[in-house]
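No value in this document is a laboratory result; all are computed from the given coordinates. This structure is a prediction, so every number in the text was calculated from the model and none was measured. Glycine also receives a Cβ, built like all others from the backbone with ideal geometry; neighbour counts cover every protein chain displayed.
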Amino acid sequence: MSRPLGFLLLMLGLGLRLDSTWQLLASLLIVCGAVVSGLGLARGRAAFVPPGDTR
Amino acid sequence: MCRPGTAAVAIGVIGVTIALALRGIAQTPIAGPTGTGGPLIGPRVRAWYRGLMEPFEEMLAGLGVSPDALTYAQLVVSMLAGGAFAAGCLFLAGWLTILAGTLDILDGGLARRAGVASPRGALVDSVADRWAEFGTFVGLGAFFRHDGTMLFVVALAAFASQMVSYVRARAEGLGVEMTVGRAQRPERYLLLGFGAWVSSVTGHLLCPLLGYQTHVVLASALIVLAVVATWTALERGRHAAAALRAGGTLP
């Protein structure tokens, strides 16, 4: 669950950083998102591969 | 304000995400027919995304979340996307549009998984979808309010998107099964969401060179959306008329 959460935080952070004046919140979200996504990618099953049957 | 550095980081994140997604799609077996006339997003990609959503459906079902709650959440997120478009926050608007599309897929899946799929739920979902689309397009109209041509394109895209769903509902009400259609809702969400994302990062990257933020990518995505949605509505109308003609009198 950490990968999608990290991606969500990253996207929100980047969106706020690009298009808003809430730069502090944006930076916080980007850092949190990067850490959470990184942890998710570093361990566990391959990202974006469904848990069911694969070829 | 121009933020080319952040835009470059965003491109990197999205690029890695797309690469990982393509790897996942390549490992997913094809499920469903692959003939012509079907949606632009093929059966393999649809099967892959449904597979990705399964753990979430399971988790939400375990938590006792009702499908209606997801439907209403999708409506709220779509309205927020419209607000973000109106405020010129294109990257955020694109992300919210994709999130709304994901919630739209999740609510049906959750209803089927929890065994609570019903005609009432289908009605609430369809009505909420129309309002959600309306909310997003109103925001796009507000964003392009100073450009008469783009305002017309937004109006056409909004009308055609509603017509795609209306023709299907009317045809199915008359007993014609309607599966054809190139630009169904997932295609429209994807086109609009990615169009806004790419437009935002392109605008920020080119901003130091041009001296202003260009929105040509979003405008192009909207033109494509208007054309394919109009085509899909006409295609469905032609298909329904042919089926009714072949079937004789109405039920």
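Which of rounded, prolate, oblate describes the protein assembly as shown, given a ≥ b ≥ c as roots of the alpha-carbon gyration tensor eigenvalues and a/c under 1.5 marking rounded, otherwise prolate only if a/b is larger than b/c? It is oblate, given that a/c is not under 1.5 and a/b is not larger than b/c.
For the stretch B:144-222, the list of GluC sites (Glu not before Pro) that fall in a loop by DSSP and count at most 11 other C-beta atoms within 10 angstrom reads B:Glu177.
Scanning chain B for cysteines with no neighbouring cysteine C-beta under 4.7 angstrom from their C-beta gives B:Cys89.
In terms of Cα atoms, the Rg and Dmax of the stretch B:113-251 work out to 18.2, 64 Å. Principal axis extents of the Cα atoms in chain B, from largest to smallest and rounded to whole angstrom, are 62, 44, 32. Annotation for the stretch B:188-235: chymotrypsin sites (Phe, Trp or Tyr not before Pro) lying in DSSP loop with at most 13 further Cβ atoms inside 10 Å of their Cβ are B:Tyr212.
Averaged over peptide B:14-26, the number of partner chain Cβ atoms lying within 10 Å of each residue's Cβ comes to 3. Put in line by how crowded their Cβ is, counting other Cβ atoms within 10 Å and starting with the fewest, B:Glu235, B:Glu54 read B:Glu54, B:Glu235. From least to most packed, judged by other beta carbons within 10 angstrom and beginning with the fewest, B:Asp129, B:Asp147 follow the order B:Asp147, B:Asp129.
By the Kirkwood approach, averaging reciprocal distances over each pair of separate Cα atoms, the stretch B:12-153 gets a hydrodynamic radius of 16.9 Å.
The order of B:Arg188, A:Arg3, B:Arg238, A:Arg43, going from fewest to most other C-beta atoms within 10 Å of their C-beta, is A:Arg43, B:Arg238, A:Arg3, B:Arg188. Reported to the nearest whole Å, the Cα centre-to-centre distance from the stretch B:72-131 to the stretch B:145-159 is 23.
Shielding by partners for peptide B:129-139, expressed as the average number of C-beta atoms from other protein chains within 10 Å of each residue's C-beta, is 0. Divide the volume of the convex hull around the Cα atoms of the stretch B:119-161 by the residue count and you get 40 Å³ per residue.
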